[in-house]
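Colleague: Below is the structure I would like to discuss, written out as structure tokens.
The values are calculated or read from the model by the stated rules, or taken from the named source; none is laboratory data. As the structure is a prediction and not an experimental result, all values here were calculated from the model. Cβ placement follows ideal geometry from the backbone for every residue including glycine, while neighbour counts extend to all protein chains displayed.
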Amino acid sequence: LEKEHRTGNVSYEAENHQKMVELRAQKVQNVTQDIPPTRVHGPPDGDLLVLGWGSTKGAIEEATERANEERLRVGSVVLRHVWPLPADLGDVLDRFDHVLVPELNNGQLIRVLRDQYPHRGFTPLNKIQGRPFRAEEIVEEVEALLGEPAPA
């Protein structure tokens, strides 16, 4: 059941349904034109990008700052738009060797990322305890992925 694309009347035709599905998909894709450029917290390129969204922001940005104080080249991005993803996100991902995705769930964001960037590896950090991340938890995972911090 669909509306006819020209008149708005009810239509049961398969071809019209396909056209309307494609039209809606294009409308969603057009939203990317209105999404501002992705802002990287910390260095614009490096060894690891911490990528998250929502309530993980504070812990992610604090962990990024601590990792850089330990001389690790770590940047972070906190997405404001999960779907559609920002058009420039692929370029940002390409500037980092590893991508860590901390989530306070079972990995919904990482599934979207793996679907959209199948050539890219993502490391999950899931916490499903009803408590927010502490920056230390993210820093520990960053250090585990990159090795011990460089000597001062």
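Colleague: Would you say Val82 is assigned to a strand (DSSP E or B) and either surrounded by 14 or more Cβ atoms within 10 Å (Cβ to Cβ) or touching a residue at least 12 places away in the same chain (Cβ under 8 Å) (or both)?
Modeller: No; evaluated as a whole, the condition is false for this residue.
Condition check ((1) exposed (fewer than 14 other Cβ atoms within 10 Å of the Cβ); (2) among the β-branched types (Val, Ile, Thr); (3) in a loop (DSSP other than H, G, I, E, B); (4) not assigned by TED's automatic domain parsing to the domain that holds Ala135) across all residues:
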{"position": "Ala63", "(1), (2), (3), (4)": "no, no, no, no"}
{"position": "Val77", "(1), (2), (3), (4)": "no, yes, no, no"}
{"position": "Pro86", "(1), (2), (3), (4)": "no, no, yes, no"}
{"position": "Leu93", "(1), (2), (3), (4)": "no, no, no, no"}
{"position": "Pro102", "(1), (2), (3), (4)": "no, no, no, no"}
{"position": "His119", "(1), (2), (3), (4)": "yes, no, yes, no"}
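Colleague: Could you check how many residues of the stretch 19-44 are surrounded by 14 or more Cβ atoms within 10 Å (Cβ to Cβ) and either within 17 Å of the chain's Cα centre (by Cα) or not in a helix (DSSP H, G or I) (or both)?
Modeller: 7
Colleague: Answer yes or no as to whether Asp115 is surrounded by fewer than 17 Cβ atoms within 10 Å (Cβ to Cβ), modelled with pLDDT of 95 or more and touching a Lys or Arg at 6+ places or on another chain (Cβ under 6 Å).
Modeller: Here the answer is no, as Asp115 does not meet what is asked.
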